[in-house]
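What follows is a short report on a single structure.
The values are calculated or read from the model by the stated rules, or taken from the named source; none is laboratory data. Keep in mind it's a predicted model, so treat the numbers as computed, not measured. When we count neighbours, we look across all protein chains shown, and the Cβ atoms used for this are built from the backbone with ideal geometry, even at glycine. All accessible areas refer to the heavy atoms of the entire protein, side chains included, with ligands and DNA or RNA removed. Shrake-Rupley method; radii C 1.70, N 1.55, O 1.52, S 1.80 Å.
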Amino acid sequence: SILVQGCSLRTWSYKSPFVEQVQVVLTSEGRPLDADIELWHGPDNTPFKMRVYIENGKLQPFSCVVETPRGPNTIAIRNIGQLEFPIIATAFTENLNRPSCDCVTNLKTIQGGALRTYPFDPLVESVQVYLRTDGRPLNARIELLQGPNNNKEVIELYSEDGYDRPFFCILNTPGSGNVVRIVNTAPIEFPM
C-alpha cells in the first residue's frame, strides 16, 4: 500500500508480458476519495482510464481489475482530491477478484445513451459490476445511489476496446436503499 497525497501521482509498472490483469484497491481514512486511474501502454497511449469518486473511502473502498494484455504496461493513480484528502492505493497481480458465474451469465445489453438501474436489498453487502462490449469502445458511468439521487460512489469509465479490456469491480453497499445505476455514455451505435 502506498499513501498518495492530494494532487499527486503514483505509478506501478509491469514489464512482463505475462501480467495480463492488475487489481487496484483505493481506500481513505473516512474522507472523500477522488482519483484518476489510467493504463499507460507505450508512449502517448492510454487505452483505459477512469475517474472514481467515493463519499467515504473507508466505508466503501474501491476495488477493480484492470486488464493489461500485451505488456509492458503502467498503472497510474492520481489523487485529484485536495491536499487534506490522501488516499491509500494498492496494486497487485496475484489472487485477483474474478466475476462469478452468475455475474457473467446474467449479462444484459445496455444500448448507447441508455441506462439501467439495479436496486438491492439492505442485506446485500457488495455487488459485482462487469461491463464489456463486442470490441467497440466502452464508455460508461456507474453510480451507487443511496436514497433519491444521493451519489455515494461514481465511476466514469473509458476503454478503447471493451472486449480486450472489459471492466470488473466490486462495490460495497452498506446501509439500506442502495441502487446501482449504469449509464452507457457512448452513442447509440456502441452498445455494451
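Listed here are the strands (runs of 3 or more DSSP E) enclosed by region 78-192 that have at least 1 residues being of a type in the set (A, V, I, L, M), open to solvent by less than 30 Å² (accessible area, probe 1.4 Å) and within 22 Å of ASN45 (Cβ to Cβ): 87-92, 126-131, 138-146, 151-159. Of the residues GLY71, GLY42, GLY30, which single one is open to solvent by 40 Å² or more (accessible area, probe 1.4 Å), at pLDDT below 95 and more than 14 Å from the chain's Cα centre (by Cα)? Step by step, each of GLY71, GLY42, GLY30 is checked, and only GLY42 is open to solvent by 40 Å² or more (accessible area, probe 1.4 Å), at pLDDT below 95 and more than 14 Å from the chain's Cα centre (by Cα). Just to be sure, is LYS49 more than 16 Å from ILE170 (Cα to Cα), assigned to a strand (DSSP E or B) and charged (D, E, K, R)? Here the answer is yes, as LYS49 does meet what is asked. Among residues of region 12-39 that are of a type in the set (D, E, K, R), those with a beta-carbon under 6 Å from a residue that is assigned to a strand (DSSP E or B) at least six positions away or on a different chain give the pairs ASP34/TYR53; ASP36/ARG51; ASP36/ARG78; GLU38/LYS49; GLU38/ALA76. Taken over region 99-153, the residue count meeting the criterion of being charged (D, E, K, R) and more than 18 Å from MET50 (Cα to Cα) is 6. It is to be established whether one or more residues within region 65-77 are within 18 Å of VAL127 (Cβ to Cβ) and touching a residue at least 60 places away in the same chain (Cβ under 8 Å). Taking every residue of region 65-77 in turn, at least one turns out to be within 18 Å of VAL127 (Cβ to Cβ) and touching a residue at least 60 places away in the same chain (Cβ under 8 Å). Going by the structure shown, is LEU144 within 17 Å of SER176 (Cβ to Cβ), of a type outside the set (Gly, Ala, Ser) and modelled with pLDDT of 95 or more? Yes, satisfied.
When the residues of region 1-46 are narrowed to those that are of a type in the set (Ser, Thr, Tyr) and assigned to a loop (DSSP other than H, G, I, E, B), which ends up nearest to ASN151 (Cα to Cα)? The qualifying residue nearest to ASN151 (Cα to Cα) is SER28. Look at region 48-61: where a residue is among the hydrophobic types (A, V, I, L, M, F, W, C) and modelled with pLDDT of 95 or more and a partner is assigned to a loop (DSSP other than H, G, I, E, B) and open to solvent by less than 80 Å² (accessible area, probe 1.4 Å), sitting 6+ places away or on another chain with Cβ atoms under 6 Å, you get PHE48/ARG165; ILE54/GLN60.
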